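A.B. asks: Got a structure for you, questions after.
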Amino acid sequence: MAGSAHRLCASVVTPTDAHRRDLVSLIVARAEAVGADAVLTFSEYAVVAVAEACEALGLAGAGHAAALARDKRLMRHTWRQQRLPQPEFRPVATEADLLAAAHTLPGPLLLKAAWSAGSTAHQIIRSPHEAPAAWACSRDVMAASARLGYAELHVAEADAHYVVERIVTGTASDWFDEPGWGDYVSVEGVVADGVFHPVCLSGRMPTVEPFTERASITPAPLAWDAQDRVVDLARRAVDALGLRDCGTHTEIKLGADGGMWLIETAARFGGAMTVPQIEEVFGLDLVGMLVDHLLGRPVHWPERALTPAQARGAAGSLVVLAVDGRGHAWPGRRVWDFPAVSADVPLSRGSDLSVVAESSLADGSVVPVYDPAAGANTMAALCLLSATDAHTVLRDFWHLVDALPRVLPAAQPEEVSA
């Protein structure tokens, strides 16, 4: 990743420990030194710091409301004030808070770190007696993630903030005309001068327990009226947060009989390969368009969210985890080997599979054991697939998931111990 940054950027600055304690000042200083006319981030962990730096610099940015799209406690409180549909929740800061919530909220429950990303530190609590162990595990995972560099970069004490919420039951079959889809979608969009512009929807494969995302597929093949209802809820969610100038990524749970619940909104574009997927499928360079807007240039945003009928094929990204299609751990340890995957897994005619090297282990590396608490931190690789339509991407991904433990080489004992 560092090598790619040096190839693509005019300069790269690694913050010292002192800078890490005041990231906003570092961003402001660097922006002033190079005469920056715009500052943006693609990292969930830097959203608040960059928004505050833009405010200090007098530049367009997400605005002071960025924290509402980062702190899950504030986000849910804001949506509750606006009476938007979401799971019942409680903010928690101590084990005692969690125990009290576990005795009052109907279970099962999901414990989340308020400032986490990538499903890190998620814990399912099925009865109050599981709360102490869940609390200890989430705290340990957040500390480990911070040591790896996956933690909020600006807000002090962010690792002490949690939220616990009721797990609602999704129903993908009421929304999709074929099995295999997950029971939630994301609305990708942009806020420009405080106005929300939806761009398109991405569908999902089912998550791996507890709620680790496995794949994103653009576009989501929903009927036009269903898409309109999803987009309307996303618009109300984003509007409620009061964001100003930034990308947005809003996840929505799909229920029976048209029911929906808000999962979360981010004040940045969707992660993994969401932006490249949109560019390939719809021909929109969202990063370039947002930069043009931040620089005061005219930008023509889509008049309404684009649909599958307007797509040029489909694209998706798959997170490689050491679990099969039912979420069960692989029977033995395997070594990541993309050439073996591309050679031995048959895909549909016209499908093209590649690996995102910057987000993947090197070939020959032992695939980590999937840790439900660590979520995407235990991924082995990120693959990108292009196909004729979203249904084909979904089918090819399921073939990949089933084939991976068979086609990847078995790890030798000395490799695992190393």
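The values are calculated or read from the model by the stated rules, or taken from the named source; none is laboratory data. It should be emphasised that the depicted structure is a prediction, and the values quoted were computed from it without experimental measurement. Backbone-built Cβ (ideal geometry, glycine too); neighbour counts: all protein chains shown.
A.B. asks: Take the residues of the range 373-389 that are more than 17 Å from L148 (Cβ to Cβ) and in a loop (DSSP other than H, G, I, E, B): which is nearest to the chain's Cα centre (by Cα)?
C.D. replies: D389
A.B. asks: Testing R70 on (1) more than 21 Å from the chain's Cα centre (by Cα); (2) at pLDDT below 95; (3) of a type in the set (K, R), one condition comes back false. Which one is that?
C.D. replies: (1)
A.B. asks: Continuing with this model, one more query. Out of all the residues in the range 364-385, which are farther than 17 Å from G271 by Cα, without any contact (Cβ under 8 Å) to a residue 60 or more places away in the chain and out of contact with any helix residue (DSSP H, G or I) (no Cβ under 6 Å at 6 or more places or on another chain)?
C.D. replies: G364, S365, V367, V369
A.B. asks: Do we find that E88 is of a type in the set (D, E, K, R) and free of Cβ contacts under 8 Å to residues at least 40 places away in the same chain in this structure? Explain how you work it out, then say what you get.
C.D. replies: Numbers: of a type in the set (D, E, K, R): yes; free of Cβ contacts under 8 Å to residues at least 40 places away in the same chain: no.
No.
A.B. asks: Kindly provide the set of residues from the range 80-90 that are touching a helix residue (DSSP H, G or I) at 6+ places or on another chain (Cβ under 6 Å) and among the charged types (D, E, K, R), ordered by number.
C.D. replies: R90, the sole residue that qualifies.
A.B. asks: Something else now. Pairs only if they're at least six apart or on different chains, beta carbon under 6 angstrom, first in the range 312-335 and closer than 17 Å to V407 by Cα and outside any strand (DSSP E or B), second charged (D, E, K, R) and modelled with pLDDT of 95 or more; list them, first residue then second.
C.D. replies: So the pair list comes out as G325/D402.
A.B. asks: If I ask for residues that are without any contact (Cβ under 8 Å) to a residue 40 or more places away in the chain and of a type outside the set (D, E, K, R), which ones from the range 297-308 would you list?
C.D. replies: Initial filter on the range 297-308 (without any contact (Cβ under 8 Å) to a residue 40 or more places away in the chain): 297-298, 300, 303.
Of everything in the range 297-308, those that are without any contact (Cβ under 8 Å) to a residue 40 or more places away in the chain and of a type outside the set (D, E, K, R) turn out to be P298, H300.
A.B. asks: Outside any helix (DSSP H, G or I), over 18 Å from the mean Cα position of the chain (by Cα), surrounded by 20 or more Cβ atoms within 10 Å (Cβ to Cβ) and in the same structural domain as P221 (by TED's automatic domain parsing), is that true of R297?
C.D. replies: On the way: outside any helix (DSSP H, G or I): yes; over 18 Å from the mean Cα position of the chain (by Cα): yes; surrounded by 20 or more Cβ atoms within 10 Å (Cβ to Cβ): no; in the same structural domain as P221 (by TED's automatic domain parsing): yes.
No; evaluated as a whole, the condition is false for this residue.
A.B. asks: Considering only residues that are on the phi > 0 side of the Ramachandran plot and buried (at least 22 other Cβ atoms within 10 Å of the Cβ), which ones fall in the range 135-166?
C.D. replies: Hits for the range 135-166: nothing passes.
A.B. asks: Anything in the range 348-359 that is surrounded by fewer than 18 Cβ atoms within 10 Å (Cβ to Cβ) and assigned to a loop (DSSP other than H, G, I, E, B)? List them, or say none.
C.D. replies: First, the residues of the range 348-359 that are surrounded by fewer than 18 Cβ atoms within 10 Å (Cβ to Cβ): 348-350, 352, 354, 356-358.
Of everything in the range 348-359, those that are surrounded by fewer than 18 Cβ atoms within 10 Å (Cβ to Cβ) and assigned to a loop (DSSP other than H, G, I, E, B) turn out to be S348, R349, G350, V356.
A.B. asks: State the number of residues belonging to the range 312-369 that are farther than 23 Å from P210 by Cα and under 22 Å from the mean Cα position of the chain (by Cα).
C.D. replies: 9
A.B. asks: Take L408 and decide whether it is surrounded by 20 or more Cβ atoms within 10 Å (Cβ to Cβ), modelled with pLDDT of 90 or more and not polar (S, T, N, Q). Before you say what the answer is, go through the steps one by one.
C.D. replies: Working: surrounded by 20 or more Cβ atoms within 10 Å (Cβ to Cβ): yes; modelled with pLDDT of 90 or more: yes; not polar (S, T, N, Q): yes.
Criteria met by L408.
A.B. asks: Of these, A93, A113, A102, which one is at pLDDT 95 or above and in contact with a helix residue (DSSP H, G or I) (Cβ under 7 Å, 6 or more places away or on another chain)?
C.D. replies: The match here is A102.
Okay, residues lined up against (1) in the same structural domain as G35 (by TED's automatic domain parsing); (2) surrounded by fewer than 22 Cβ atoms within 10 Å (Cβ to Cβ):
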| site | (1), (2) |
| --- | --- |
| V48 | yes, no |
| A51 | yes, no |
| C54 | yes, no |
| L59 | yes, yes |
| A62 | yes, no |
| M75 | no, no |
| R83 | no, yes |
| D97 | no, yes |
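A.B. asks: Report, by residue number, each residue of the range 125-168 that is modelled with pLDDT of 95 or more, within 20 Å of the chain's Cα centre (by Cα) and of a type in the set (D, E).
C.D. replies: Once the filter is applied, which keeps residues that are modelled with pLDDT of 95 or more, within 20 Å of the chain's Cα centre (by Cα) and of a type in the set (D, E), the range 125-168 yields only E165.
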